[in-house]
Amino acid sequence: MKFQALAVSFALLAHSSEALPSYRQRLPNGDRVPCPEGVSGCAERVEDYQPPLYCPGVGHATCAGGSVPINPFGEALKGAGHQWTVELCMADSDGDGATNGEELGDPCCTWSATQSDNSDMLALLRSAEVSHPGVDTSLPMVYKKYTECTPDEIGPIEDPEVESYFLPGEDQHVAEFVINDFEVPHGQITTYVDFAWKWEECAEVDCYITGIEAWADNTAMAHHNVISACVDEGTTDNGNVIVGSAMDSEGCETVGGWAPGKELVFRAPEEASQLLGRVRSLRVNFHYDNKLQVPGTRDSSGFRIYYTTTPRKYLMSGIKPIQLSVSPALRLPAGEKRYYITGECILEGLPEPVKLVNYGWHAHEVGTEMYDTITFTGQDPKLKSLVFQEPHWIFDDQATIDVLNKEYYLNNGDHIHMTCVYDTTSRVKQTIIGPETTDEMCWHGFNYYPYSPNMKCKVGNVWTGSLAAEESALEIPTVHPLSLAPALNVYPYVKDSSSTDPTLSGAELMASLKKPEVCFAEELNMEFETAEALQTALNIDMQGTDPVLMAKGLAMLVNVAGCACPSSTGFNELRPDLQEGMRSLSSNSKPMAKMIMERLGAYDGCDFSNDAEAPDSNDAEAPEAPVAADDPEAPGSLEDKDAPEDKGSIEDTNDTATTPDPPVKTPAPSSENPEYESSAPSAMLHLLYAGLLGPLAVFTFASSLCL
């Protein structure tokens with residue numbers, strides 16, 4: 001069995017490391033602080049336990065967060081290493097006479113982030129009156145004081161112990177893996193490389209992962225990594241570079257991954273663990289980003305796996321309804337403040353409801369907002385819908401959000417709407433969906449248990465558009481539905497969210513391509529200084545090409561396909577030399593480029609005579625809107641129950657992190673943990689058009705939204 005992986009990545013940004021949304025999870029009642037009078041940026045509650053208006057940015061001068069300056073409590077939190085400590089708890093940061101712990105409902109300073117699944121502690125927190133620890137005019141009316149705590153109630157808060165990853169009676173094992181002083185290449189910006197370690201502790205017995213921690217040594221250049229466990233030993237050269245990738249190796253299964261903000265990759269809930277199976281080596285696929293091409297920099301990043309041979313009641317897994325990593329047809333226009341990619345699906349294939357553990361998102365440098373709306377089918381009369389949102393999403397803070405104790409369950413028929421929002425005002429040309437940091441992605445994933453092998457949530461199409469400054473992204477389903485989206489803003493999505501086989505067939509790649517409705521002449525005018533440069537680009541032999549260059553090459557071919565005919569809308573906006581160059585493309589391109597251009601219909605109805613008329617883009621008729629999403633006849637619509645099952649697509653590529661589907665061993669479709677029988681993992685098959693897809697298949701990462 002192969003897993004998919006939720007992609008994760010990061011770069012050096014101008015964001016302040018003192019202001020990250022995930023810090024709310026590091027504080028008691030961090031998502032329950034009321035918005036003080038006179039403070040801007042308040043948010044309406046999304047949970048019943050929150051006040052009507054709460055303060056998302058507890059450490060900031062405004063409750064909106066994501067900005068400087070930070071308030072007195074934010075300064076104190078920074079001084080404590082952004083962790084809840086006894087000293088921070090006992091301090092009175094805003095000088096209002098109440099300690100930070102008293103204001104946040106932890107007067108005795110006993111809470112820690114590792115207790116997120118402790119129902120008794122959660123009940124105490126929820127029953128406490130909370131005020132803002134960074135604003136001196138905000139005080140709880142009634143609260144327990146530190147001086148009223150008994151000696152047994154008082155901390156200290158301790159760092160997570162090894163025991164916190166295990167249950168009583170479980171055998172406890174910890175394995176640590178460190179990269180052996182790798183010199184980061186400086187002749188290129190983006191580098192993907194694999195490291196390996198021989199590891200035979202689980203060679204003869206089934207092992208179960210209860211937690212993974214990871215760390216970056218060279219934080220300036222570490223972009224993300226993906227950790228895989230392999231059946232055969234593969235290497236005896238521990239921690240050094242190996243040839244080939246676990247992502248493209250038979251018998252290797254992804255078990256997790258690191259990204260900024262994800263030092264704790266995941267900690268398994270008490271009832272479930274992640275199946276590791278029987279393996280002989282560990283590998284990590286690492287993405288380095290040397291933007292300034294600095295020579296001589298080195299890295300010794302690493303990770304730590306906590307595991308046991310004792311199975312728990314359930315297995316945990318993940319589902320990734322949207323995981324756009326490489327999509328040659330989809331691109332984000334430059335100069336847009338709030339441009340979105342959105343999609344929807346309906347859950348199916350569950351024999352019983354599954355419990356949500358956590359959720360998370362992924363995008364790159366210009367990703368700024370994330371939204372999920374889950375509309376339930378009535379399993380709980382009190383819970384009609386659920387909203388997960390981060391209106392200040394930050395590229396270098398990709399921690400997952402724990403919801404284990406909120407008792408959310410997913411079932412067949414539940415509708416999920418997902419949106420990524422981008423700010424491209426810093427870009428001068430289109431941004432493609434691809435593996436490089438300056439490209440973009442859109443990932444939405446959820447972890448759950450018990451594992452259900454037939455669970456899926458099929459997204460037939462994704463669509464794009466612009467939001468006004470004050471417009472809510474949560475209103476996209478009603479204000480900007482798929483049925484009203486222009487055809488040029490609708491893109492096929494063929495990735496199966498439940499697929500355990502990351503193989504990308506040539507047919508699936510072709511299905512993900514789409515000829516643009518117009519010629520993006522400005523893009524090609526900027527990209528190619530001469531017609532000869534365009535011809536040279538099309539004549540590159542793609543076989544064996546670096547995956548970053550491959551993604552850009554595919555996107556370029558899609559752009560060219562939209563401008564290939566003199567009758568294309570916008571053709572006249574091409575420079576005269578490029579117009580002339582387009583006339584020779586149909587006969588002079590390499591076979592692979594020609595095959596893709598023909599598949600896109602680039603030459604359909606073309607008149608290559610010099611007298612051909614090309615419409616001006618300003619005179620183009622509005623494209624016909626696609627069939628409504630709820631039309632049963634619409635291919636890929638939510639009701640398209642008879643559509644053939646998708647096995648994967650180019651979207652399967654690159655990046656990290658949701659808890660992956662269990663490897664090597666395949667559990668029976670029962671909620672109880674079964675007796676497992678050995679089964680060989682499915683091999684990565686040779687792909688159709690292997691020269692084109694092979695390099696991209698290397699970046700088919702696993703779904704570890706234990707992101």
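The values are calculated or read from the model by the stated rules, or taken from the named source; none is laboratory data. Computed from a prediction, not measured in an experiment: that's the story for all the values here. For neighbour counting, all protein chains shown are included, and Cβ atoms are generated from backbone atoms with ideal geometry for every residue, glycine included. Keep in mind that these areas ignore ligands, DNA and RNA; they rest on the heavy atoms of the full protein, side chains included. Shrake-Rupley method; radii C 1.70, N 1.55, O 1.52, S 1.80 Å.
The residues of segment 344-490 have, on average, 32 Å² of accessible surface per residue, using a 1.4 Å probe with all protein chains present. Annotation: extensible slack from GLU201 through ALA537 equals 116.1 nm (criterion: 0.36 nm per residue apart, minus Cα-Cα distance). Annotation: average projected area of segment 455-498 is 3.8 square nanometres, based on the convex hull of Cα atoms across all directions. Net length available on complete extension from VAL46 to GLU475 is 152.9 nm, with 0.36 nm assigned per residue and the Cα-Cα distance removed. Placing unit charges on the Cβ atoms of the charged side chains and taking the dipole of segment 305-427 about its Cα centre, the candidate lying farthest along the positive direction among GLY343, THR309, SER426 is THR309. Please give the residues of segment 311-335, grouped as numeric ranges, whose backbone N is less than 15 Å from a label point set 7 Å along the Cα-to-Cβ vector of ARG599. In segment 311-335, the label zone of ARG599 (backbone N under 15 Å from the point 7 Å along Cα→Cβ) covers 326-330.
When only alpha carbons are used to place a centre, segment 182-239 and segment 407-451 end up 25 Å from one another. Between segment 25-55 and segment 283-323, the alpha-carbon centres lie 33 Å apart.
Modelled spin-label separation between SER567 and LYS313, with each label point placed 7 Å from Cα along the Cα-to-Cβ direction: 6.6 nm. With a Förster radius of 45 Å applied to the C-beta separation of ALA123 and SER300, the computed FRET efficiency comes to 0.55.
A straight chain from LEU488 to THR530 at 0.36 nm per residue would run longer than the Cα-Cα distance by 12.3 nm.
Cα-Cα over 18 Å: which of LYS291/LYS320; LYS320/LYS355; LYS198/LYS262; LYS320/LYS456? Table pairs above 18 Å Cα-Cα are LYS291/LYS320; LYS198/LYS262.
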